[in-house]
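Structure, as structure tokens:
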Amino acid sequence: MSELDGRVCVVTGGGRGIGAAVAARFAAEGGRVAVLDLDGAEDTRARLGGDARAYRLDVTDEAGVVDVARRVVDDLGGVDVLVNNAGIGRLGPSMSFPVSDFRASLDVMVTGVFLCSREFGRAMREGGGGAIVNVSSINGLVAFPMRLAYSAAKAGVISMTKVLATEWASYGIRVNAVAPGNTETEMVREAIDQGLIDVDTYLRHTPLGRFAQPEEQAEAVLYLACDRSRYLTGQVIAPDGGWTAFGWVPWSGDPDAPSVGR
């Protein structure tokens, strides 16, 4: 039997990047996938085929989240898995960072996670339990210049993960998070094009010496969503190629390890 056979799996931000990869992986494991996004949800649904559904959603809109959660339950019969992946990348120097961009970052990646967790969590409680996987970032674990709002939001995701895990365990709802490292998504490519990411520097400080692919992050999300992790809750997994273990400090050890920065 597939790992998500027949389970209703909701993925926010499923129109592209890690979210689209998660939706595809869930569908391959027998999940009945609901793809939620402002843009691109229908494109992902079309690629998945089967009984996948697409819903246009702004995760910062409380009424919209309430409505979509109701529609998903009506259409698919309940909710078993929620992946809170929707995010935006507003980067820049902190001294001149617009408050509008700061607020937008918190709205999407903190308020959005709260609203979706609350509404779909209610459906999980009614159905006897489920799994929530929140997509944070290594930016929520370690400091990155030029990413104050993004880092604050992703750190907030980790904190919410732990609170909800302890609060909702009695409902049979597990809540965990992934904190992906540098991954070849459209959003990262845009940051590279804007000069906000120096690829060579990033690779020198990634022990595995490369960026992740979205499909690799989807494997970590699948693990936390399925029964293989049934005793895990309140945890954060960082698929980051060793970034958070190694950090920014230049390394000058074994000369036969060229993939590690010096």
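Where a number appears in this text, it was derived from the coordinates with a stated rule and is not lab data. All values reported here derive from a predicted model rather than from experimental measurement. Note: ideal-geometry Cβ built from the backbone for every residue, glycine included; neighbour counts use all protein chains shown.
Looking at the chain, do any whole DSSP H helices span at least 18 angstrom along their long axis by alpha carbon and average -1.0 or above on Kyte-Doolittle, and which? Span-like helices, by this rule, are 62-76, 112-127, 148-168.
Region 42-88 and region 101-171 have Cα centres lying 17 Å from one another. Note on region 8-246: Rg/Rh from Cα positions, Kirkwood definition for Rh, rounded to two decimals, is 0.95. The shape of region 88-185 can be summarised by an equivalent ellipsoid whose semi-axes, obtained from the alpha carbon gyration tensor, come to 28, 14, 10 Å from longest to shortest. Helical runs (DSSP H, four residues minimum) scored at -39500 (n - 2.57) apiece and divided by the length of the chain put the mean residue ellipticity at 222 nm at -12500 deg cm²/dmol. With both labels modelled 7 Å from their Cα along Cα-to-Cβ, the residue 244 to residue 103 distance reads 3.1 nm. Shown here for region 143-191: chymotrypsin sites (Phe, Trp or Tyr not before Pro) in loop regions (DSSP other than H, G, I, E, B) with at most 11 other Cβ atoms within 10 Å, of which there are none. Working note: Cα gyration tensor of region 1-147, eigenvalues times five, square-rooted, sorted largest first, giving semi-axes of 28, 16, 14 Å.
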